[in-house]
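Colleague: Would you mind keeping the following structure in view while I ask a few things?
The values are calculated or read from the model by the stated rules, or taken from the named source; none is laboratory data. Please read these numbers as outputs of a predicted model, since none were measured by experiment. Reconstructed Cβ throughout: ideal geometry from the backbone, glycine too, with neighbour counts over all protein chains shown. SASA here: full protein model, heavy atoms, side chains in, ligands and nucleic acids out. Shrake-Rupley method; radii C 1.70, N 1.55, O 1.52, S 1.80 Å.
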Amino acid sequence: MLGTIKTEIETLIGEIQTIHLIEEQGCTSEVRRVTTQKGTYMIKTAFMDRYRKWLQKEAKVLQVLNGKAIPVPRYNGFIEESHRNHLLMSFENGNTLTMALKTATSTTEKSRLIRSFGLFLNKFHETPPIESLKWYQDWLDEQLNQAQIYVEKGQTDGTIELLNKLMANKPLPVKQTMIHGDCTTDNVLVLDGKVQRFIDVAGMAVGDPRYDVSLAIGHFSDNPLHLKAFYDGYTRYKVTEREYQYFNDGLYEFF
Ligand SMILES: Nc1ncnc2c1ncn2[C@@H]1O[C@H](COP(=O)(O)OP(=O)(O)OP(=O)(O)O)[C@@H](O)[C@H]1O
Ligand SMILES: [Mg+2]
């Protein structure tokens, strides 16, 4: 699968012993677990133009965060080819929260997992913002601009009518914080029964924390017990129904 870039990869992470596609694939990339004599790594490969750009962003974010206290994979390198890009990072143990919730055997276990997600996100949103992850202008304006570009290029399911509605009905601003930017249960890893790490961090920035919260609760917003568990951990702010709709049913449609 690696072809001509095998040597380049081995310079970065050591001689390859095994390489396998992992079971839980995402929608926008191929992910492979690689072992070398130095350790275990992940190679994430993207093909389509839009996703290759995201992967490049993810690489930049991981590079900026190297050595910082935010729990994300370690950055090992980024390789561009004519038809695909590859991100090399540490392989992190654990399952996605989506998977952990699927295999949880009791309501108590589910609630505990969700509460730990709330706690984890609360702590992250309280982390001092990292200067180089700030946008030049307002984060939400940037997202709406980007959404417009996707609409014009026909690269999104979101419609121009929805976008116009979002532009005309922006929620009142709140204090910007560190945000993950695609904070679903698919993009956090659970280890020892607790959410402990973010993955898929292309959208990590200084932005509107209500976006993270809305996406975080998206998978269980119709379950009062789960919502309570989440907000037992996430104590800094509760999104309103209107905010939830704006971010989860609105803005997220474009990304
Ligand atoms: N550094 C890592 N260590 C261990 N597993 C990982 C790592 N990065 C990704 N994974 C695994 O690979 C899967 C896909 O990764 P990721 O979410 O980054 O891909 P994606 O294609 O961007 O996904 P999507 O676009 O669907 O959100 C994850 O669900 C997770 O199981
Ligand atoms: Mg993902």
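Colleague: In what sequence, highest mean first, do 68-74, 206-212 appear when ranked by Cβ atoms within 10 angstrom?
Modeller: So the peptides 68-74, 206-212, ranked by packing, come out 206-212, 68-74.
Colleague: Now a separate question. Do you know the relative contact order of the chain, to the nearest whole percent, from alpha carbon pairs under 8 angstrom that are 6+ apart?
Modeller: Rounded, it is 20 percent for the chain.
Colleague: Decide, for segment 123-249, between rounded, prolate and oblate: order the square roots of the alpha carbon gyration tensor eigenvalues as a ≥ b ≥ c, take rounded if a/c falls under 1.5, and otherwise choose prolate if a/b is larger than b/c, else oblate.
Modeller: prolate
Colleague: If you fit an axis through the alpha-carbon atoms of helix 139-152 and take the longest principal axis of the Cα set of the chain, what angle between them do you get, 0 to 90°, nearest 10?
Modeller: Between helix and principal axis, roughly 70 degrees.
Colleague: Also, quick follow-up: Taking a ≥ b ≥ c as the square roots of the eigenvalues of the Cα gyration tensor of the chain, is the shape rounded (a/c under 1.5), prolate (a/b larger than b/c) or oblate?
Modeller: Cα axes put the chain in the oblate bin.
Colleague: With each pseudo-label sitting 7 Å past Cα toward Cβ, what's the N95-E15 distance in nm, one decimal?
Modeller: Computed distance between label sites N95 and E15 equals 3.6 nm.
Colleague: Could you please put D49, D157, D138 in sequence from largest to smallest accessible area, using a 1.4 Å probe?
Modeller: If we order D49, D157, D138 from most to least accessible, we get D157, D49, D138.
Colleague: Leaving out ligands, DNA and RNA but keeping every protein chain, what accessible area does R197 have, in Å² rounded to the nearest 10, with a 1.4 Å probe?
Modeller: 70
Colleague: Considering only protein heavy atoms, what is the solvent-accessible area of L21 at a probe of 1.4 Å, reported in Å² to the nearest 10?
Modeller: About 100 Å², ignoring ligands and nucleic acids.
Colleague: Report the Cα centroid-to-centroid distance between segment 17-52 and segment 54-132 in angstrom, as an integer.
Modeller: 15
Colleague: Here is a further query. Please give the helix 107-125 orientation as an angle from the longest Cα principal axis of the chain, in degrees from 0 to 90, rounded to the nearest 10.
Modeller: Result, in degrees: 90.
Colleague: Once you have a ≥ b ≥ c as the square roots of the Cα gyration tensor eigenvalues for segment 188-255, tell me rounded if a/c is under 1.5, and otherwise prolate or oblate according to whether a/b is larger than b/c.
Modeller: Taking the square roots of the gyration eigenvalues as a ≥ b ≥ c, segment 188-255 is oblate.
Colleague: Using helices alone, I'd like the mean residue ellipticity at 222 nm for the chain: each DSSP H run of four-plus residues gives -39500 (n - 2.57), total over residue count, nearest 500.
Modeller: Using -39500 (n - 2.57) per qualifying helix, the result is -11500 deg cm²/dmol.
Colleague: If the reach is capped at under 29 angstrom between alpha carbons, list the lysines near K68, excluding any in the same chain fewer than eight residues apart.
Modeller: Answer for K68, where 29 Å is the Cα cut-off: K38, K44, K53, K57, K60, K123, K134, K175, K194, K238, listed by chain and number.
Colleague: While we're on this one: Can you give the accessible area of E241 in Å² (nearest 10), computed on protein heavy atoms with a 1.4 Å probe?
Modeller: Roll a 1.4 Å probe over it and E241 shows about 120 Å².
Colleague: Let me know the charge dipole size of segment 95-254 about its Cα centre in debye, to the nearest 20, where only the beta-carbon of Lys, Arg (+1) and Asp, Glu (-1) is charged.
Modeller: That gives a dipole near 620 debye.
Colleague: May I ask you to rank E92, E23, E126 by accessible area, largest first, using a 1.4 Å probe over the protein chains only?
Modeller: E23, E126, E92
Colleague: Then there's this: Under the definition of Cα pairs under 8 Å and six or more residues apart, what whole-number percent is the relative contact order of segment 1-111?
Modeller: After rounding, I find 20 percent.
Colleague: Give, as a single signed number, the net charge of other residues whose beta carbon lies under 14 Å from the beta carbon of C27, with Lys and Arg counted +1 and Asp and Glu -1.
Modeller: Cβ neighbours under 14 Å give a net charge of -4.
Colleague: I would also like to ask the following. Tally Lys and Arg at +1 and Asp and Glu at -1 over the other residues with C-beta under 13 Å from the C-beta of V174: what net charge comes out?
Modeller: +1
Colleague: Same structure again: Put M48, M99, M178 in order of accessible area, largest first, 1.4 Å probe: what do you get?
Modeller: My answer, sorted largest first, is M48, M99, M178.
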